[in-house]
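The values are calculated or read from the model by the stated rules, or taken from the named source; none is laboratory data. This structure is a prediction, so every number in the text was calculated from the model and none was measured. Don't worry about glycine lacking a Cβ; one is built from the backbone with ideal geometry, like all the others, and counts go over all protein chains shown.
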Amino acid sequence: MEQTADIALIGLAVMGQNLIMNMNDHGYTVVAYNRTTAKVDEFLEDAAKGRTTILGAHSIEEMIKLLKRPRKIMLMVKAGKPVDEFIETLLPYLEPGDLIIDGGNSHFPDTIRRTHYLESKGLLFIGTGVSGGEEGARFGPSMMPGGSVKAWPLVKDIFQAICAKTPDGEPCCEWVGNDGAGHYVKMTHNGIEYGDMQLICEAYQLMKEGAGLTNEEMHEVFTEWNKGELDSYLIEITRDILGYKDPANGEQTLDVILDTAGQKGTGKWTSVSSLDLGIPVTLIGEAVYARCLSAMKEGRVEASKIISGPNFKFEGDKKAFVEDIRQALLASKIISYAQGFMLLSEAAKEYKWDLNFGEIAMMWREGCIIRSAFLGKIKAAYEKNPKLSNLLLDEYFTEVIERCQPAWRRAVSKAVEAGVPVPAFSTALSFFDGYRSARLPANLLQAQRDYFGAHTYERVDQPRGKFFHTNWTGKGGNVSSSTYTV
């Protein structure tokens, strides 16, 4: 067999097939392989029909023989055990310098492990987050590669050819960092996605149950929102969903969808990582828990028959209230991104990744689910100050938060009055109020810890790092426990 193919892709589900077509559109010869080889033939006879530079392989050996050296093989398979199994299957056929790419939603610790494992065998590994769904894979996804540094030159041209581009033509794909950096950034992207979606759902419910707006009225609201500061993919599709009616019966499809949400784990991983690193990514956590609460459908239905809420009827200017909700959504969205970038900053320190936060914002500018005009402002903030400790301290974001603050508070207050749950709006506002506070009640918390466990405390009139213990009852003695932070 002649070794003519530039890259091979294993896994012919929707994402895999569309990435192959995308690569082929940009002039690359691609080998398609699937464990169930019948899918290879189906793909060649259907979507890839007539494309002579998409080659089918019916075995790993055949696939390997079609590839130019150093060989580049991309896995688009289910995260977890299947990735490890395919790596082990490929190993006997590979030579030093060959590259395996994992394009699935793998957990970043697995990517760290796989990078070091394959490098120990003289091979290269990339874990790349791919966002944008079916359409993105076909016409330009956001891609977040990280792993073996020497691997980037091997795939840079391919990845930057097939990825989405910003309005200025910049590729939404750049090298993120070593070992698990790419998949960590993708995980954080997905966590922010959870937050964005929950915030939009809360705005929807507050307009629907708080102000009594119809789907048609909300369709018009989201149409307007998508023309301004909230311009984004998720606002755009929410507009479309609210305006959609079933062609067969004319009913609004949104109203017949069961209110229980699924999740695949990346939001949970983001929340767990934030706890491990001690970063209060509260909005993403609430978004994850909101999905968990939605899954308790039977319990909620039962509770609704027993527990009552406020007898609320909206009175006032609905248009003004909708504007309050818009500003609350914008301010809360800023908090979500601020928390996400706080997490990325701490992860960079913990895992020794040299992350470029401006470039990460650009990678998310187009192609991915959280793509929005808003991300250009984040890139500008980090370009202006690469050492920016928090987005809230950037002049642009400070101004927006200050402008939105009264409306944000009114929207949350009205939600509480109406009995409409807004966990993401509320936690965003609480984080904001906590972050801007020079003093929090943790002094009392430390006193409590010292009282019952002799855990000690620091004093405002003494240097940081010097710890004290008080014998609060006169019976505890002067012995204190050791001081540490989990």
When you scan segment 194-213, do you find a residue that is crowded, with 24+ Cβ neighbours inside 10 Å and out of contact with any helix residue (DSSP H, G or I) (no Cβ under 6 Å at 6 or more places or on another chain), even just one?
no
State whether the residues of segment 404-424 include one that is modelled with pLDDT of 95 or more and on the phi > 0 side of the Ramachandran plot.
yes
Determine which member of the set PHE425, PHE374 is under 15 Å from PHE341 (Cα atoms) and of a type outside the set (Lys, Arg).
PHE374
Inspect all residues belonging to segment 145-165 and state whether any of them is touching a Cys at 6+ places or on another chain (Cβ under 7 Å), of a type in the set (Ser, Thr, Tyr) and either surrounded by 17 or more Cβ atoms within 10 Å (Cβ to Cβ) or within 23 Å of LYS68 (Cα to Cα) (or both).
no
Can you tell me which residue among ALA418, ALA348 is aliphatic (A, V, I, L, M), out of contact with any Pro (no Cβ under 9 Å at 6 or more places or on another chain) and surrounded by fewer than 21 Cβ atoms within 10 Å (Cβ to Cβ)?
ALA348
Per the list (1) assigned to a helix (DSSP H, G or I); (2) modelled with pLDDT of 95 or more; (3) over 15 Å from the mean Cα position of the chain (by Cα); (4) of a type in the set (Gly, Ala, Ser), residue check on GLY195 breaks on (3)
Inspect segment 1-12 for any residue being under 33 Å from the mean Cα position of the chain (by Cα), modelled with pLDDT under 95 and either of a type in the set (Phe, Trp, Tyr) or surrounded by 15 or more Cβ atoms within 10 Å (Cβ to Cβ) (or both) and give the result as yes or no.
no
Of the residues in segment 230-285, those that are without any contact (Cβ under 8 Å) to a residue 40 or more places away in the chain, of a type in the set (Asp, Glu) and under 27 Å from MET296 (Cβ atoms) come to GLU251, ASP259, ASP276
Can you tell me how many residues in segment 111-134 are surrounded by fewer than 20 Cβ atoms within 10 Å (Cβ to Cβ) and touching a residue at least 60 places away in the same chain (Cβ under 8 Å)?
3
Within segment 214-254, take every residue that is within 27 Å of the chain's Cα centre (by Cα) and charged (D, E, K, R) and give me the one that is surrounded by the most Cβ atoms within 10 Å (Cβ to Cβ).
ARG239
Can ALA137 be described as within 26 Å of ILE64 (Cβ to Cβ), without any contact (Cβ under 8 Å) to a residue 60 or more places away in the chain and buried (at least 20 other Cβ atoms within 10 Å of the Cβ)?
no
Do any helices (runs of 4 or more DSSP H) lying entirely in segment 35-103 carry at least 2 residues that are surrounded by fewer than 16 Cβ atoms within 10 Å (Cβ to Cβ) and free of Cβ contacts under 8 Å to residues at least 40 places away in the same chain, and which ones are they?
38-45, 81-90
